[in-house]
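The values are calculated or read from the model by the stated rules, or taken from the named source; none is laboratory data. Quick caveat: nothing in here was measured; it's all calculated off a predicted structure. Here Cβ is always computed from backbone atoms with ideal geometry, including for glycine, and neighbour counts include all displayed protein chains. The protein model used for the area step is the full one, side chains on, heavy atoms only, and it has no ligands, DNA or RNA in it. Shrake-Rupley method; radii C 1.70, N 1.55, O 1.52, S 1.80 Å.
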Amino acid sequence: MSDKIGIALLAAGKGTRMKINRPKTLAPLMGRTILDFILDSLKEFSLKKQLHSSIGLVVGHQKELVKEHIENFYPEDKKIVLAHQKEQLGTADALKSYFHDVKGAWDKDYTFVVCGDTPLLTSYVFEQMYELMEKESSLDGVCASFYADDPAGYGRIIKSPIGFQIVEEKDATNEQKQIKEVNSGLYLLKTSFIKERLALLDSNNKAGEFLLTDLFQKDFQVKVMAFEDSQTFLGINTLEQLEQAESILRKKKTKKLQLSGVRLIDSSSCYIDWNAEIEAGSTIYPNVVIEGKTRIGESVVIESGVVIKDSEIGPGSSIYANSYLEEASVGRGVSVGPMARLRPGADLKEKVKIGNFVEVKKSTLHKGSKVSHLSYVGDAEIGEEANIGCGFISCNYDGVQKHKTIIGKRTFVGSDVQAVAPVKIGDDALIAAGSTITHDVPDGAFAIARGRQETKEGFAKKFPVFRKKKS
Ligand code: UD1
Ligand code: MG
């Protein structure tokens, strides 16, 4: 079969049934979008069959957002070409826009037509259709179908001895609505067949749209190829269907992790994004959320209730219950939480310890340093083996600007200390508990900055609480 195949990916629709404020194809899915999953399988297929097809992505509704997504996530990819459907007049009209805008599209021998809302499609499906067309060269095309337990919303396949037709839900009679074989919206067609048929379509149907499904008439040489796995073709028209797709992909992801040696104590309660990586030997407790491009090394323990977004966790580290990490970098053998918060720019080097109710933002904590309880560390640098006592605050904000706190190696900061930034405390220094440090402290110095204690013997009884009542 010729490798002259064009790919039309239809993604211009309004996605009205989704009720989200972005194009349906960009609906979030496992930390990515519907579109990314479709592009993955199309690329895998092209690679397997060594095709050089470009992908004509038809955009319309909020097209700038799709364009921006492609520019951000596929900057080097010259194979994705955008076509513009000016008005959303239906799927057949979207295909017209593809041929209108994508250079050389009419010159391809075959055209794959793919809906931009079917994220579970696999390369296998494309390969099967391709191989059928390869075998039966007299065919004008192949349409992928599947059997749906609940066919509502899908076009029904109406078969006859000489072919088939597709009737959309809105146009179907009650009897036709009982048919469970439905149209997947995926077709591989001879481009000449499309050329002949596309111009003849009208919008005389209940939706008042130009329907791609009207391409097929009983007597044409187009085969329906029924696939067994209905999940693969799940079309996302509603948020409920989006949830279905997400739970299928989530199961796939956790299964893959388990096979690679990650222990998930209750995979059904964990939400791990598609691009998150976890190495073998790690244990994930129930109710954990791991999002974005998070990378977790080997033998890491993540306890319940932890949320991790776009962070790195080094080997052998433990993240204890209910901690929240965002764009943080955690080195080897680090201990975080329970109930700690690492905000963007938190950079914890090897063997650092962050205890309960500690918040760290845009700060580097060097090897072996400890902030064990109830502290705020923002815009700070904490030296190796430094020990920061309970209730430390880096006062980093003067209401206008942020300032830096630097604490040296092995320095011991007592409890309830505030460092009013900008301020620098040297190596091997000692800061007395309850101090408010406003001036730099040199290496090896002891600093105390609090009111002196006065103790007055026998004075307590002068206060109302101890004053004797007169009888
Ligand atoms: C479509 C099929 C239906 C099939 C189902 C499978 C048609 C007429 N119906 O229905 O038979 O069972 O998919 O999931 O094709 N789009 C445009 N421009 C438009 C309209 C739609 O680009 O003017 C795009 C959408 O963005 C979407 C795709 O075409 O990615 C399919 O449109 P959608 O509205 O989801 O069609 P369905 O009602 O699901
Ligand atoms: Mg759809």
Practice task
Taking the residues in segment 114-151 that are hydroxyl-bearing (Ser, Thr, Tyr) and within 19 Å of Leu35 (Cβ to Cβ) as candidates, determine which candidate is farthest from ligand 2 (Cβ to nearest atom).
Solution key: Ser123
Exercise for the section: Only residues in segment 22-45 that are part of a strand (DSSP E or B) count as the first member; pair them with residues that are open to solvent by 10 Å² or more (accessible area, probe 1.4 Å) and away from ligand 2 (no atom under 15 Å from the Cβ), Cβ under 7 angstrom, at least 6 apart or cross-chain, and list the lot. Expected result: Leu29/Glu246; Arg32/Trp274; Arg32/Asn275; Thr33/His69
Practice task
Having 2 or more residues that are open to solvent by 50 Å² or more (accessible area, probe 1.4 Å) and under 21 Å from Val413 (Cα atoms) is the bar; report the strands (runs of 3 or more DSSP E) wholly within segment 293-386 that clear it.
Solution key: 353-361, 370-378
Exercise for the section: Of the numbered conditions (1) more than 16 Å from ligand 2 (Cβ to nearest atom); (2) closer than 17 Å to Leu198 by Cβ, Thr91 fails exactly one; give the number of that condition. Expected result: (1)
Handout entry: Residues being modelled with pLDDT of 95 or more and open to solvent by 40 Å² or more (accessible area, probe 1.4 Å) - total across segment 154-164
Key = 0
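One line per residue, one yes/no per condition, for (1) more than 16 Å from ligand 2 (Cβ to nearest atom); (2) over 21 Å from Met30 (Cα atoms); (3) in the same structural domain as Pro23 (by TED's automatic domain parsing):
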| site | (1), (2), (3) |
| --- | --- |
| Glu228 | yes, yes, yes |
| Leu242 | no, no, no |
| Arg250 | yes, no, no |
| Leu259 | yes, no, no |
| Val262 | yes, no, no |
Handout entry: Checking Cys270 against (1) open to solvent by 10 Å² or more (accessible area, probe 1.4 Å); (2) more than 21 Å from Gly333 (Cβ to Cβ), the condition it does not meet
Key = (1)
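Restricting to segment 278-292, name every residue that is assigned to a strand (DSSP E or B) and open to solvent by 20 Å² or more (accessible area, probe 1.4 Å). Steps first, please.
In the first step, residues of segment 278-292 are kept if they are assigned to a strand (DSSP E or B); the result is 278, 283-284, 289-291.
Once the filter is applied, which keeps residues that are assigned to a strand (DSSP E or B) and open to solvent by 20 Å² or more (accessible area, probe 1.4 Å), segment 278-292 yields Thr283, Val289, Glu291.
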Practice task
Inspect segment 168-180 for any residue being buried (at least 18 other Cβ atoms within 10 Å of the Cβ), more than 16 Å from ligand 2 (Cβ to nearest atom) and touching a residue at least 40 places away in the same chain (Cβ under 8 Å) and give the result as yes or no.
Solution key: no
Exercise for the section: Confirm whether Val102 is within 16 Å of ligand 2 (Cβ to nearest atom) and under 25 Å from Asp140 (Cβ atoms). Expected result: no
Fill in the blank from the handout: Those residues of segment 95-140 which are within 16 Å of ligand 1 (Cβ to nearest atom) and either at positive phi or open to solvent by 50 Å² or more (accessible area, probe 1.4 Å) (or both) amount to Lys96, His100, Asp101
Practice task
Could you pull out every one of the strands (runs of 3 or more DSSP E) wholly within segment 396-471 that has 2 or more residues that are modelled with pLDDT under 95, assigned by TED's automatic domain parsing to the domain that holds Ile382 and surrounded by 15 or more Cβ atoms within 10 Å (Cβ to Cβ)?
Solution key: none
Handout entry: Unmet requirement for Glu76, which otherwise passes all of (1) more than 15 Å from ligand 2 (Cβ to nearest atom); (2) in contact (Cβ under 8 Å) with a residue 12 or more places away in the chain
Key = (2)
